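The block underneath contains the structure these notes are about, expressed in structure tokens.
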Amino acid sequence: MPHTALITCSQESEGLLALELRRLLPDCSLVWAADGLMRVECDLAMADLAAIISGKAGRGSIFARHIAPVQVVLPDDASVAQVCNAAMSVCAQIPAGARWNIHVRDSERRAAVESAAESASDPELRSRSDPQVLVSVIRADAYYVGMADAAHCLSTWPGGERRFRKEEARISRAEFKLLEALEVFDLRLPASGMAVDLGAAPGGWTRVLLEHGLDVTAVDPADLDRRLKGHPRLRHVRMTAERFRQDAPACTVVVNDMRMSAEPSANLMASYAYRIEMSARRQGANDANAWLGIMTLKLPERGITSRALLDLIDRCLDILMGAFGRVRARQLFHNRSEVTAVMEGLAQCD
Ligand SMILES: C[S@@+](CC[C@H](N)C(=O)[O-])C[C@H]1O[C@@H](n2cnc3c(N)ncnc32)[C@H](O)[C@@H]1O
């Protein structure tokens, strides 16, 4: 019997997701159920589908943000009682003792469906931040109700929309991109050592790196936010990343959020990798596997087809794979006209 799942992406990336899914899931039926929501029908079990989409079994999808399982489909004019009953029957199957959460994509009926779900499962075990099981009730061209292991859903946030609390100390909205990348790619920044931040101004990423305890060399011709002035572990180098490359210091983290086209930016990261490795060797302190890079690949917003965009991203990832041990990429909730790539380890030393 075929299985159904709903895959979410940003509305601007629908063409890209469709192309990726056709490549990754050639034997599945793919139909848009709503804006940014693709219905997938195939013979794959949820765990296998998740492995393909997340890249555990190959390159994976960059533009999928969330996978919602479907066990019950109701017509889009189903009554509240019908939707609540479906949610209750699914929730009754949550394994005993499992932390769970429910996402309801229907603002009018959210309260009624959530309270029905809680009546059918253990409300004490409902966990919004760390669920083991996710129940979804999604209103699109029909009502879709389902439950899955949270590890198979790509994100435990509704539709992959990771929202952070706004802090007074925040310097730029860009900070959220770095925080989200650390979470989505399950990365741990080292507690000390040197980080280089390319295209650092006004300094949001720099602030996050300093807060983690790293020394930061912030490279940008533009000014940093005045709140960073005089920070004892910060050095601001007022020059372009291309010029600074000659003097790149030995470091364990390089981040790059430069306003620069994706391909030259990827090439620059690769050339930094070689120089950083050489500096590290000179200093006899080379743990190449501990090396971490995070960058945004800025994509053209107009005048390019989805296929050409995917080809461009592929070329960038190939450039990065030539220089780094492991490369992954996703479009995060906080990415606009860009994707985030993460590089772990230096290729030469593997
Ligand atoms: C999107 S902003 C970076 C925001 C930053 N990540 C934050 O969290 O505040 C892009 C920055 O890239 C810088 N930039 C553009 N080209 C550059 C280059 N060739 N070298 C260094 N910085 C560059 C710009 O001056 C700009 O400050």
Practice task
With springs connecting C-alpha atoms under 10 Å apart, model the chain as a Gaussian network and identify which of 168, 242, 41 has the largest mean-square fluctuation.
Solution key: 168
Practice task
Along Cα→Cβ, 7 Å out, is where each label goes; now give me the distance between the ones at residue 275 and residue 242 in nm to one decimal.
Solution key: 1.2
Practice task
With a Förster radius of 30 Å, plug the Cβ-Cβ distance of residue 41 and residue 12 into 1/(1 + (r/R0)^6) and report the FRET value to the nearest 0.05.
Solution key: 0.75
Handout entry: Translational D in µm²/s for segment 112-208 (Stokes-Einstein at 4 °C, 1.567 mPa s, Kirkwood Rh from C-alpha pairs)
Key = 78
Practice task
Against the globular-protein guess of 2.2 N^0.38 Å, express the Cα radius of gyration of segment 175-349 as a ratio, rounded to two decimals.
Solution key: 0.97
Exercise for the section: Towards the positive end of the charge dipole of the chain, with charges on Cβ (+1 Lys, Arg; -1 Asp, Glu), say which of 37, 143, 325 has the farthest Cα. Expected result: 325
Exercise for the section: Consider a paramagnetic label point 7 Å from the Cα of residue 282 along Cα→Cβ; state which residues of segment 233-261 have an amide N under 18 Å from it. Expected result: 242-253
Exercise for the section: Please report 172, 115 as a ranked list, fewest other C-beta atoms within 10 angstrom at the top and most at the bottom. Expected result: 115, 172
Practice task
Starting from the Cα of residue 141, step 7 Å toward the Cβ, then list every residue of segment 32-59 with an amide N under 15 Å from that point.
Solution key: 32-42
Practice task
Give me the orientation-averaged projected area of the Cα convex hull of segment 3-160, in nm², one decimal.
Solution key: 8.6
Exercise for the section: Fewest Cβ neighbours within 10 Å first, please rank 66, 236 accordingly. Expected result: 236, 66
Completion exercise
Taking R0 as 41 Å and r as the Cβ-Cβ distance between residue 77 and residue 186, the FRET efficiency 1/(1 + (r/R0)^6), rounded to the nearest 0.05, comes to 0.50
Practice task
Using only Cα atoms, figure out Rg for segment 52-109 and give it as a multiple of 2.2 N^0.38 Å.
Solution key: 1.47
Problem - Helix 262-282 vs. the chain, principal-axis angle (Cα, 0 to 90°, nearest 10) - result: 60
Practice task
Starting from the Cα-Cα distance between residue 305 and residue 119, subtract it from 0.36 nm times their residue separation and give me the gain in nm to one decimal.
Solution key: 62.1 nm
Problem - Residue-averaged [θ]222 nm for the chain, counting only DSSP H segments that reach four residues, each worth -39500 (n - 2.57) - result: -9000 deg cm²/dmol
Practice task
Work out the length of the dipole vector of the chain about its Cα centre, built from +1 on the beta-carbon of each Lys and Arg and -1 on the beta-carbon of each Asp and Glu, and round it to the nearest 20 debye.
Solution key: 1160
Practice task
Please list, or write none, the lysines whose alpha carbon is within less than 21 Å of the alpha carbon of residue 177, excluding same-chain residues fewer than 8 places away.
Solution key: 166, 298
Practice task
Report, to the nearest 10°, how far helix 110-120 tilts away from the longest principal axis of the Cα atoms in the chain, using its own Cα long axis and a range of 0 to 90°.
Solution key: 70
Fill in the blank from the handout: As a percent rounded to 5, the proportion of antiparallel DSSP bridges among beta bridges in the chain is 60
Practice task
Give the share of C-alpha pairs in each 10 angstrom bin for the chain, from 0 to the last occupied bin, in whole percents, shortest bins first.
Solution key: 5, 23, 29, 22, 14, 6, 1, 0
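No lab work stands behind these numbers, since they all come straight from the coordinates. As the structure is a prediction and not an experimental result, all values here were calculated from the model. Counting neighbours? That spans all protein chains shown, and the Cβs are built from the backbone with ideal geometry, glycine included.
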